[in-house]
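For reference, the structure discussed in these notes is given below.
The values are calculated or read from the model by the stated rules, or taken from the named source; none is laboratory data. This one's a predicted model, so the numbers in the text were calculated from it and none came from an experiment. Positions of Cβ are backbone-derived with ideal geometry, glycine not excepted, and every protein chain shown enters the neighbour counts. All accessible areas refer to the heavy atoms of the entire protein, side chains included, with ligands and DNA or RNA removed. Shrake-Rupley method; radii C 1.70, N 1.55, O 1.52, S 1.80 Å.
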Amino acid sequence: MENIKNNKFISLLFLFLTFLTLIVFTKDVFLDLQENIDLKKQLTTQLEKSKENLSTLNTLRTELSKWEDTDLEKYISPFSEDKITHYIHSYVQGNPEVNISQISITPWKENEYGFIEGHISLDVRVLNENALIDFISFLLKDDSEYKIFIESLSYNYESWSFNVNIPLTVFYK
Amino acid sequence: MSIEGDFYLKKKDKHMFFSIIFFFLSVVLTLSLFFYNKVLIYDIHQINEESEKIQKSITLIKEDERIQVKELLDINAKAIPDLENKTLVLKFIEEIKKISSKYDIIFSWFNYGNGRLSLDATIKKSEDGMPAYEKLTFFIQDYRLDEQALFELDFISKFVGQNRISFHTNFLIK
């Protein structure tokens, strides 16, 4: 009879210990495990994306090193007052058809496209419309030093030899 | 001991046996989960290290301005060409010259901005006697039907004069 009581006690003890182990230890370890499984999955996906991104950038770097993209080079041309002034005057120097009255340069800011945007306002006097067209062609030519947009322009057709303001928008990085 | 006593003793032995087994299994399970968790933590650490190395490489590559520009151009693959189309001033000037030549119109005050071109225009009676109003109506009708035209001719609301008709015209970039 005493044996039976002892065995019963031991069984209950072990059951209690089992229950305690499961509640106190196993549950916590299981929850941690779940979290870590999810975290590993998430990090693995992120790692794959990063690898893809790196591969794309390496391919791009290799392609860009093979040839010179003149359009691309315009965006990394240094935007400084001395270089801009020198560039513009290099065209009009010795050119009787175009005369620079004023160059105004507005400080730069980042635009919606991610580039830094500078504004240059040119006040010029041109001999005629053809001289104006030639000057604008110089500014916008394919191998121009800067990436220039002319978003507005206003001048009087009828006059011979007229003043015109040419607002330039320059994108650079 | 009696037979009944033996029966109950064996039953209690069985219960004790199973309770020990359960306890043992719970410990084994807990330890297994624990060690698996450690392996996962190690894997996560490895992944984080590799990610950091890759991020450093990416940052290094992106320091190249040409890469930065190329990325921006790719992101704005439609937006920048659209902007370029709206700023083709030389093309607009050329188109106005064509219109002037084709329809015998004298333009003045070229004024372009925000996708709209405004000009003052004058049409005179021809030397061969063609009235100014006929040249004017031909211009309006013909240009609006021209599918190759660079602009859309906006509605013209005022005409001044008879043998020499002056009007203000707006062209919208297509």
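Descriptive notes on the structure:
- Prolate/oblate/rounded call for region A:66-125, Cα gyration tensor, a/c under 1.5 rounded: oblate
- Of all lysines in the structure, those lying under 28 Å Cα to Cα from residue B:135, and not within fewer than 8 positions of it along the same chain, are B:91, B:97, B:98, B:102, B:124, B:125, B:158, B:174.
- Accessible surface, 1.4 Å probe, highest first, among residues A:66, A:74: A:66, A:74
- Comparing A:72, A:13, A:31 in a Gaussian network model of chain A, where Cα atoms under 10 Å apart are tied by springs, the biggest mean-square fluctuation is seen for A:13.
- Fully extended contour minus Cα-Cα distance, from residue B:133 to residue B:27, at 0.36 nm per residue: 27.8 nm
- Of B:119, B:33, B:72, the one that fluctuates the most in a GNM where chain B has Cα springs shorter than 10 Å: B:33
- Ordering B:144, B:116, B:66 by accessible surface, largest first, gives B:144, B:116, B:66; the 1.4 Å probe counts only protein heavy atoms, with every chain in place.
- Working from label points 7 Å from Cα in the Cα-to-Cβ sense, the residue B:62 to residue A:71 distance is 2.4 nm.
- Between residue B:118 and residue A:101, the distance separating the two model label sites (each 7 Å from Cα on the Cα→Cβ line) works out to 2.0 nm.
- Other protein chain C-beta atoms within 10 Å of residue C-beta, averaged over B:65-76: 6.
- Total formal charge among the other residues, if their Cβ is under 13 angstrom from that of residue B:124, Lys/Arg +1 and Asp/Glu -1: -1
- Among the GluC sites (Glu not before Pro) within region B:74-174, those in coil by DSSP and having at most 16 neighbouring Cβ atoms inside 10 Å are B:127, B:147.
- Charge context of residue B:149, other residues only, Cβ under 10 angstrom, K/R +1, D/E -1: -2
- Averaged per residue, chain A has 59 square angstrom of accessible surface, using a 1.4 angstrom probe with ligands and nucleic acids left out.
- Of the chymotrypsin sites (Phe, Trp or Tyr not before Pro) found in region A:25-74, the ones in coil according to DSSP and having at most 13 other Cβ atoms within 10 Å of their Cβ are A:67.
- With a 1.4 angstrom probe, the accessible area lost at the A-B interface totals about 5900 Å².
- Residue-averaged beta-carbon neighbours from other chains (10 angstrom radius) around B:158-169: 0
- The relative contact order of chain A, computed from alpha carbon pairs under 8 Å that lie at least 6 residues apart in sequence, is 20 percent.
- Residues of type lysines that residue A:51 reaches as a straight line, Cα spacing below 22 Å, ignoring anything fewer than 8 places off in the same chain: A:40, A:41, B:53, B:56, B:62, B:70
- Residue-averaged beta-carbon neighbours from other chains (10 angstrom radius) around B:111-122: 2
- Highest mobility in the GNM of chain A, judged by mean-square fluctuation with C-alpha springs under 10 Å and restricted to A:56, A:85, A:18, is found for A:18.
- Residues of type aspartates and glutamates that residue A:173 reaches as a straight line, Cα spacing below 12 Å, ignoring anything fewer than 8 places off in the same chain: A:73, A:110, A:117, B:63, B:64, B:65, B:71
- Other residues lying with their Cβ under 11 Å from the Cβ of residue B:64 contribute a combined charge of +2, Lys and Arg counting +1, Asp and Glu -1.
- Alpha carbon centroid spacing (whole Å) that separates region A:1-65 from region B:118-174: 79
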